Structures are given as structure tokens and as C-alpha cells.
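Please read the structure below before turning to the comments.
The values are calculated or read from the model by the stated rules, or taken from the named source; none is laboratory data. Bear in mind the structure is a predicted one, so any value in this text is a computation, not a measurement. All Cβ positions, glycine included, derive from the backbone under ideal geometry; neighbour counts span all protein chains shown. What goes into the accessible areas is simple: the full protein's heavy atoms, side chains included, and nothing from ligands, DNA or RNA. Shrake-Rupley method; radii C 1.70, N 1.55, O 1.52, S 1.80 Å.
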2 protein chains.
Amino acid sequence: MISEIKQVKWININPSIMEPQKELVRIVIVEDDQLIRESFATLINENENYICVSDYDNCEDAIKNLSSDNPHIILMDIGLPGMSGIQGIRKIKNVKPDVDIITVTVHEEDDKVFDALCAGSTGYLTKNISPKQMINAINEVLTGGAPMSTNIARKVIRSFQKSTESPLTSRETEVLQHLARGKSYTMIADELYINKETVRTHIKNIYQKLNVNSKAGAIEKATKNKLI
Amino acid sequence: MISEIKQVKWININPSIMEPQKELVRIVIVEDDQLIRESFATLINENENYICVSDYDNCEDAIKNLSSDNPHIILMDIGLPGMSGIQGIRKIKNVKPDVDIITVTVHEEDDKVFDALCAGSTGYLTKNISPKQMINAINEVLTGGAPMSTNIARKVIRSFQKSTESPLTSRETEVLQHLARGKSYTMIADELYINKETVRTHIKNIYQKLNVNSKAGAIEKATKNKLI
DNA sequence: AAATAAATCACTCATTATGGGGGATGTTAA
DNA sequence: TTAACATCCCCCATAATGAGTGATTTATTT
């Protein structure tokens, strides 16, 4: 009986009617090191669910062919000749906002990480990851995740966290937060249900403690030291 | 020869001289659901490297015993009776900044996530994780990582990312960014090498486009819509 | 009980900053 | 060749700011 059923399948000219072709995940690689680029491409094509539709050694070409490549995911180096990967991410996200970009790089500097994420990268991997981890990362993106190397994740989390030792009192911190949102003394007073003069006093004390003498100075120092 | 060496080991009264006791990772659980609390504790104690030194159903008690428990890691629920987990995280980090807190909760709301991370949480897990994932998360923290559920990671990343469709020109965005840092028109003009009057014009246009009529309004709207 | 920190409010004074109105010019991209 | 963008200019009234010098009250700590 089993063989009979199989027969039915075999006489079908187009097998896709019986076994509909799986929709492959289209991946583009942008990476100037040929060796790395090719090894990524091989890795991707070895997986039955993925296809590397194109690979480029620069952003400009990748952007040019973006609509014909029509990728779901782009693996992106950010130390590229010509247009930087960061700018590239921005442009790509402008043209095709729904593509997921995974930044893959040797750089672990805070600036690069945050620039890439701000620009629109969905994940941030360092190049020392294993092939298995790379495939995992792609899977994660496809299921709504945001793959990051562990130390990158820690950096990202740390960027949220305020300093535990602030010279400012909680009330002063509150006032400064409002100031940093562009509020005037009068508005701050109204929102905190205190007198404008009290706000002035708090701000005078804040300036003294932070050793500054202007709004901009206080906001800059407080931001840098994660006081707000 | 091997047996001889073993002999030497056996005649030792205190075996720790030969096999020094492994330093156990001390873990504290704060979770008001008794069932969950006990299952976490069991899971931890089953692992030879970990020990659950204490478990509490509220923050206050956990803080009280913080120095005697001396934990490396705290698993923290944030929907607690009495002091909220968020406040608890803040207090704990103030008293003992080097402890790593992993928030474990049913809540996936953006606010809770960011509050917990801002307060000093090193990881953020939702309660639907498997025992294996929980152990993995603890390992990640110990190796400098920041474990997060995938959708939490995406939320965190998204919080960095600017809108791709802004009504503002790049120059206007630039001006607004400076304004949001508390700079005056004059300072902005100096830093962008343009005339103060030009800054004024940009700001007038920004206000019109954002449909506001003040600095605070513009900053609020721009922040909410991720234009800056 | 005395000292300290924190939060609150008051008044003056000079200077800047801000928002709204009007208009203008040159460049670049669609 | 329009439209968008970036640049600059002037007037005006009001609000905001920074510095100075004070005071009161309420906790908390010593």
C-alpha cells in the first residue's frame, strides 16, 4: 500500500505539488575579507533552510542590489572600505526597513556597538563565534530575538544602569531629570508641586555639587556619569 | 604506581588538602510563589557548582540577611508583596554593588523591563524558561554575560533604534539633539558653525513640523517618537 | 541635645534666552 | 522649474537663567 502511494507521487511531473518547496531564508553577506566572506557563505548554504543570495565586499554594491537580492537577513561587517558599515546600516534600513541586519565584527568598542544598534542592527556578534553560534544567531533573529555576544549584552545592559554613588540627593536628581527634558523652572515647579524658588535652590546646589555653572554643563556631566 | 599515590591520598585525614573544596556559587532566591521558589531552589541545589543559601518571599527579608547570605547571584521576582522588586534591586545594588541580580518574572511590559535593568538587574528572564535555560543563564552571568529572553533582547535593542521616518531634516535633527542636551541657541550655533539666527529658523521649523511651541514639547515629542 | 543634611521658600539684579512675526538668498534635487 | 533645504537678518515682548544672600522646617545622626 505504501508503495502504491509512492507511485502516485512519482508520476507527478512537478514534485513541488506533493512536497511544496520550502521558502528559503535569503541572506546577504557584506564583508571585505574574502576568506571570511566565503566561509560564511559556505556555512549558510550548507544549511537546507538558508541561501546566501549574494555577497559583497562593500556597502555600496549591497545597497545597489538590495531590491533584486531581496534578503531577509544581512550579515554586516562594519570595518569596510568606502562607506562605513554604520552608514550602510542606516541606508539599508531606510530603503528596506523590514530587513534584519546582524552586525558581525571584530570591534568591541562601546561606540561601535551602540552606533550599530542605533543605526538599526538587530544583533551584534563578534567574529570569534563558532559556525554553530552563527546559525543559532540567524535562527534567533528569525524568531524575533536579538542575538548578541555575551560581553556585548553586558555592555548594552550597563548602558541602562545608573550610578549607585551619586553626589545628588533624590530630589536633586529628579529636578535634573526634568531639566534634561527641556523643562523650565516654572514647569518643574508645577510638576513637582513645589515653588519655583525651591527649584532654583535645588539647581544652584546641583551646579555646585557637579562643579558646573550652566544647564548644559550639568546635563552633560550628569549624563556622562550616569546620574540621570 | 598509581595505587601507591592513591594510598597517600587515603591516609590523609582531611581530603580537602588533596581535593580542595570547590568554591560554590552562592545563590539567593526572592520569589513569593512558594512552588516556584522551591522548584528553583531544587534546581540550583541539584547542580554541584551552585548552592541556594537562602530563599525569601519578600525583599525586606532578603535585604536584611544580605551580608550573612553573601550571595554571588540573586534570582529576583518583581511582582512582590511589600517592597517592589524594582525598589529591592536598587537597595540591594546600593548595599552590595557587586552582586549580580537576575530578574525572573512573568512581566514582559517594556516599563518593567527597563525599570529592572535601570535599577541594576544584570539579566531579565521570563518565567516560561526551562530548567536548562535557567542554569545557562546563571552560567552566562558568571562569565560576564547578560542573559535575556529573546523578546526581551529585541525590546532592549529596539529602545536604541531611531525612527526611519522622521519629518525632520538631518540638520533639524542635529539642532534638536543639541537642544535636548540643554544647549542654548548661541551654543548650538557655535558648535554647528552657523549663525544663531539660522538655529532660530531651524527651531521654528521643528516646532511647526512637530506641532509644538516650546523646547520641552519638542524634546518630549521627539523622544517619544525616537526622532533623536 | 547638638549637629548635619535635606527640602522648602524669598527677594534682588543683570543678562540671556526664547517664541512669534516678518522677510531674504543661494543651492540642490525632483 | 518648482519645492525643499539651509542659511541669514530684523523687531518685539516676555520668560528664563545664574549669582548672591538669606530663612525655616523636618528628619537623622552623633
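Structure above, values below:
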{"item": "Distance between the stretch B:108-135 and the stretch A:138-173 - C-alpha centres, whole angstrom", "result": "12"}
{"item": "Rounded, prolate or oblate (a/c below 1.5 giving rounded, otherwise prolate when a/b exceeds b/c) for the stretch A:170-224 by Cα gyration tensor", "result": "prolate"}
{"item": "For the stretch B:86-228: rounded, prolate or oblate by the Cα gyration tensor [a/c cutoff 1.5]", "result": "prolate"}
{"item": "Range in chain A, longest, excluding exposed GluC sites (Glu not before Pro) [loop by DSSP; at most 11 other beta-carbon atoms within 10 Å]", "result": "A:166-228"}
{"item": "Threshold 30 Å², the stretch B:112-159 residues less accessible with all protein chains present than alone (1.4 Å probe)", "result": "B:LEU117, B:CYS118, B:GLY144, B:ALA146, B:MET148, B:THR150, B:ARG154, B:ILE157"}
{"item": "J(HN,Hα) series, the stretch A:97-110, from Karplus relation 6.51 cos²θ - 1.76 cosθ + 1.60, nearest Hz, glycine and proline x", "result": "x, 8, 6, 9, 10, 9, 7, 10, 8, 8, 6, 10, 5, 3"}
{"item": "Phi-based couplings in Hz for the stretch B:186-198 (Karplus 6.51, -1.76, 1.60; Gly and Pro marked x)", "result": "4, 5, 4, 4, 4, 6, 9, 6, 10, 7, 4, 5, 5"}
{"item": "Set of the stretch B:190-228 residues, backbone N closer than 19 Å to the point 7 Å along the Cα-Cβ line of A:THR186", "result": "B:212-220"}
{"item": "Other-copy label distances relative to A:LYS196, 7 angstrom Cα-Cβ extension, nm", "result": "2.2"}
{"item": "Principal-axis tilt of helix A:215-224 within chain A, Cα atoms, nearest 10 degrees", "result": "50"}
{"item": "Principal axis dimensions, the stretch A:25-159 - Cα atoms, whole angstrom, descending", "result": "39, 30, 28"}
{"item": "Table column - 3J(HN,Hα) (Hz), the stretch B:84-96, Karplus curve with 6.51, -1.76, 1.60, x for Gly and Pro", "result": "5, x, 4, 4, x, 4, 4, 4, 4, 5, 5, 6, 9"}
{"item": "Using alpha carbons only: equivalent-ellipsoid semi-axes of the protein assembly as shown, gyration tensor based, whole Å", "result": "43, 39, 21"}
{"item": "For the protein assembly as shown: accessible area per residue (Å², 1.4 Å)", "result": "54"}
{"item": "Loop-resident sites, the stretch B:136-228, for chymotrypsin sites (Phe, Trp or Tyr not before Pro), counting at most 15 other Cβ within 10 Å (DSSP)", "result": "B:TYR193"}
{"item": "Under 5 Å, built H, 5+ apart or other chain: amide partners of A:TYR56", "result": "A:ILE29, A:VAL30, A:GLU31"}
{"item": "B/A buried area, accessible surface, summed, 1.4 Å probe, Å²", "result": "2800"}
{"item": "Chain B: angle of helix B:34-46 to the longest principal axis, Cα-based, in degrees nearest 10", "result": "60"}
{"item": "Cα long-axis angle, helix A:150-160 against chain A (0 to 90 degrees, to the nearest 10)", "result": "30"}
{"item": "Cα centre as origin, Lys/Arg/Asp/Glu Cβ charges: the protein assembly as shown dipole, Debye", "result": "1860"}
{"item": "Whole-percent carbon and sulfur share, accessible surface of chain B, 1.4 Å", "result": "50"}
